[in-house]
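The values are calculated or read from the model by the stated rules, or taken from the named source; none is laboratory data. These figures come from a predicted structure and were not determined experimentally. Positions of Cβ are generated from backbone atoms using ideal geometry, with glycine treated the same way; all protein chains shown enter the neighbour counts.
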Amino acid sequence: MRRKCTDSLIHWKKSPARKPLILQGLRQTGKTWLLMDFASKQYDNTLYINLETDQPAASYLSTPHDPQEALLFLETYADKPLRPSSSLLILDNIQCTLKISTLLSAIAADFPQYHIAAVTRSVGNSDLYSHHDFDILTLYPLDFEEFLWANAEFALAREIRAHFTSFTPMGKDLHQKALSQFRLYQIIGGMPAAIMEYKKEKKLLMVPDTQQKLLDLFLNDISTLAPKGTARYCRNSWLSIPSQLGRTSRKFQYTRIAKGATAKTYQEPLQWLIQNGLVLPCHNNQDGKNAARQQINPHLYPIDTGLCTRMLKIPAYQLLTGEESIANTACTETFLAQQFIQNGYTLSYWSSGNQAEVPFLLSKNNHFIAVDYRITPHQKCRNLMRLYNIRHQTDSSCPLEQLKQMYLLSTEDFKSKEHYQIVPVYAAFCI
């Protein structure tokens, strides 16, 4: 499967300021496959060591060693020569050897000519590796454009990007084809295993079984790695997130986790889920400040729309029809959060009391983009205009001087309005 992250890997290989690479991400997003595929095409020689299964290597690397000695060990253990520029050393599952970051930093300082890449699951390891010592990339599930590539819809992906750039309608046939692919993506999601299951025979019947196996793996990670005494609360919180979406109020409610649940009990488990990449947070941003500082009443999203579909047990036919429902709304909003995070945006939302709420206020490089959505064309969406009007009031409580653009994501084709633009929901990866 073609992944956008490959371009970042090539840039890393060519960079004169290259540091050891940490490729992080949740289980089963394709990290090891991606690095092995990259190595086979970009290097003459690949040294691969899995620190979860290669116990002698894990034991050796868990204690301090001279960098020269460590390189000799790694080379002889992999039984392949490690040469500058033409060899890539891949250390998989480095979360199993927690002190290895110090050794890798030392090797990089003494022998910067060697190319070293490491793979780690985000869960439980998000704060162990410094950007000062490592180049860090995060691999997410496939976004919708990568999903199109995986299904050999390269021309359709190009058409969507071209029409977004020119902001001209796709036309009835192309638009309907893109909507059909979008609905498939809502059901399947971006986890490689689920996509491969669908690709076998272009059928959906076995996809839920694959998704359930993935969910079981995530739940096992939560139970194993959550802070002592919080595993049950972390699991309950994680499982409740999809059911809290698609309603009038998107604010996460503790009482919907379990009867009598309180912030005191569940705040810490939720924060752990966010810090470890198992939940996508979208914070309140009423005054246009950095969303990371606005921790009040967050919206929380699953990491993948396909897993969201499975957790809600939504029948595939219900999403294929595109009918308006709470479940469809939940999956669409999860889809948007997933696409925007992968495009490098910080997620926040804007609200004006009980009068209006824009679900996504995207920020990057001190610029903001406001995004609302609707499931069907007949739905009224006044939130963007409310934001526009308040922004231009002299006594505005929402200055947002850096608001660059406003989009309404819809099942309609590309269309311009006076103060915002209507964009087909499937083109969210272009924003």
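Observations on the model:
- Extreme residue, nearest to I303 (Cα to Cα), among residues of the range 132-153 that are touching a Lys or Arg at 6+ places or on another chain (Cβ under 9 Å) and free of Cβ contacts under 8 Å to residues at least 40 places away in the same chain: E153
- Among residues of the range 299-324, those that are under 20 Å from the mean Cα position of the chain (by Cα) and surrounded by 22 or more Cβ atoms within 10 Å (Cβ to Cβ), counted: 12
Table: residues versus (1) farther than 25 Å from N220 by Cα; (2) buried (at least 16 other Cβ atoms within 10 Å of the Cβ); (3) modelled with pLDDT of 95 or more; (4) small (G, A, S).
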residue	(1), (2), (3), (4)
Q24	no, yes, no, no
A39	yes, yes, yes, yes
Y77	yes, no, yes, no
A108	yes, yes, no, yes
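- Of the numbered criteria (1) at pLDDT 85 or above; (2) more than 26 Å from the chain's Cα centre (by Cα), the one I431 fails is (2).
- Checked against the criterion of being more than 20 Å from the chain's Cα centre (by Cα) and at pLDDT below 95, the candidates I274, I296 yield just one match: I296.
- Failed item in (1) within 19 Å of D143 (Cα to Cα); (2) at pLDDT below 85, with K404 passing the rest: (1)
- Screening the candidates L156, L91, L137 for the property of being surrounded by fewer than 21 Cβ atoms within 10 Å (Cβ to Cβ), within 26 Å of the chain's Cα centre (by Cα) and part of a strand (DSSP E or B) yields one hit, L137.
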